Amino acid sequence: MSDPFFMKITFLGTGTSQGVPPIGCMSDVCLSSNPKDKRLRASIHVEWDGKSIVVDAGPDFRYQMIRAGINRIDALLFTHEHKDHTAGLDDVRPFNYIQNEHIQVYCDSRVLKALENQYDYIFAEFKYPGVPLIDFHEIKNELFHAADKPIIPIEVLHYKLPVFGFRFGDFVYITDANFISDIEIEKIKGCKVLVLNALRRESHISHFTLKEATDLALKIGAENTYFTHMSHQIGFHDEVCAELPDGIELAYDGLEIIL
Ligand SMILES: [Zn+2]
Ligand SMILES: [Zn+2]
């Protein structure tokens, strides 16, 4: 754990906004008995030189922390303000108690404003006892440090909404994109492990399709690329993986990668 350069990535959730299965869905994929076809909302844990970094805190945040055994957060980064990425923020409270300190949250100014609306009580001058205690750090599209580690934001487009992906050393995590400019792609190149979002086969206004994500993964050429933020419409995990090129596969909840 304290080994320098140690990095362990854990996929906490690999599903799209409603999760897989969505409530009440009786599709073949949603009825699958393969655990890899069950997907909580998209989030990732990066353990880096003993530091604990979480990206996004959606509606499944509490269960994801318990399931992955995460009992400390040194930095929580937000990619953007959509509720499937922010709805779990209230559940940082146990970390306040365990760590006896404020939680360090990193996001850009637009996301911060949205969080102020979504969680007015966290920002209240006179706080109700027991509300989450958070230090917010505004980031821009330039290198910043969180948990004492250098992190490079990568600005992608989610329809018209700018969203941040993040580069942690040789690992890049991107979700909720359907366009990445050549300038930002340059910041991704050379990474060993890349995560991209791939919603389904049919086109979508704000997410890469399986084909678009595959083409982009081949263009960037990381040693290994994993797809996330998937809908049940993408198909069965094992069948889709079998048809993808070498080095490209679907992520699944609980997948761990050591770098
Ligand atoms: Zn999303
Ligand atoms: Zn989104």
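A helix-only calculation puts the chain at -5500 deg cm²/dmol for mean residue ellipticity at 222 nm, using -39500 (n - 2.57) for each DSSP H run of at least four residues, averaged over all residues.
Electrostatic tally near Glu101: other residues with Cβ closer than 11 Å to its Cβ, Lys and Arg +1, Asp and Glu -1, net -1.
Loop-located chymotrypsin sites (Phe, Trp or Tyr not before Pro) in region 69-155 (DSSP state other than H, G, I, E, B) with a sparse environment of at most 12 neighbouring Cβ atoms within 10 Å: Phe126. Each Lys and Arg Cβ is given +1 and each Asp and Glu Cβ -1; about its Cα centre, region 1-73 then shows a dipole of about 160 debye.
Computed 3J(HN,Hα) for region 203-209, one whole-Hz value per residue from the Karplus formula 6.51 cos²θ - 1.76 cosθ + 1.60 where θ = phi - 60°, is 5, 9, 5, 9, 9, 4, 7, glycine and proline marked x. Unpaired cysteine residues in the chain (no second Cys Cβ under 4.7 Å): Cys107, Cys191, Cys241. Which of the GluC sites (Glu not before Pro) found in region 201-253 are in a DSSP loop and have at most 15 neighbouring Cβ atoms, other than their own, within 10 Å? When the GluC sites (Glu not before Pro) of region 201-253 are filtered for loop state and at most 15 Cβ neighbours within 10 Å, Glu202, Glu223 remain.
Taking the charge dipole of the chain about its Cα centre, with +1 at Lys and Arg Cβ atoms and -1 at Asp and Glu Cβ atoms, the residue from Ile234, Thr175, Phe95 reaching farthest to the positive side is Phe95. Here's the list of lysines a cross-link from Lys8 could span, going by alpha-carbon distance under 18 Å and ignoring same-chain residues fewer than 8 apart: Lys51, Lys149, Lys192. Amide H to amide H, with H built 1.01 Å from N, Arg41 comes under 5 Å of Gly15, Asp60, counting only residues 5 or more places away or on other chains.
For the chain, the Kirkwood radius over C-alpha pairs fed into Stokes-Einstein at 25 °C and 0.890 mPa s yields D = 133 µm² per second.
Normalised radius of gyration (Cα atoms, divided by 2.2 N^0.38 Å) for region 182-259: 1.06. Each residue of region 142-154 was assigned a 3J(HN,Hα) from its phi angle through the Karplus expression (A = 6.51, B = -1.76, C = 1.60, θ = phi - 60°), giving 8, 3, 9, 10, 9, 6, 6, 10, x, 10, 9, x, 10 Hz with x at Gly and Pro. On the protein heavy atoms, probe 1.4 angstrom, tell me the percent of accessible surface of region 66-142 carried by carbon and sulfur. So the carbon and sulfur contribution to the accessible surface is 50 percent.
When the Cα positions of Leu12, Leu40, Ser52 are compared along the charge dipole of region 1-53, Leu40 comes out farthest toward the positive end, with charges on each C-beta of Lys, Arg, Asp and Glu. Surface exposure of the chain, expressed per residue as accessible area with a 1.4 Å probe, stands at 46 Å². Across region 69-82, coupling constants 3J(HN,Hα) worked out from phi with the 6.51/-1.76/1.60 Karplus curve, θ = phi - 60°, read x, 8, 10, 7, 10, 8, 7, 10, 9, 10, 7, 6, 9, 4 Hz, and Gly and Pro carry x. In a simple Cβ point-charge model (Lys, Arg +1; Asp, Glu -1; nothing else charged), region 105-259 has a dipole of about 300 debye relative to its Cα centre. A Cβ-based charge dipole, computed about the Cα centre of region 43-166 with Lys and Arg at +1 and Asp and Glu at -1, lands at about 200 debye.
Of the residues Thr225, Ile134, Pro162, the one whose Cα sits farthest towards the positive end of the charge dipole of region 115-259 is Pro162 (charges of +1 on Lys and Arg Cβ, -1 on Asp and Glu Cβ, taken about the Cα centre). Taking amide H atoms as placed 1.01 Å from N in the peptide plane, the amide H of Leu244 has no partner under 5 Å among residues 5 or more positions away or on other chains.
The values are calculated or read from the model by the stated rules, or taken from the named source; none is laboratory data. Values in this document were obtained by computation on a predicted structure and should not be read as measured data. Cβ coordinates were reconstructed from backbone atoms using ideal geometry, including for glycine residues, and neighbour counts include every protein chain displayed. Accessible surface areas use protein heavy atoms only, side chains included; no ligands, DNA or RNA. Shrake-Rupley method; radii C 1.70, N 1.55, O 1.52, S 1.80 Å.
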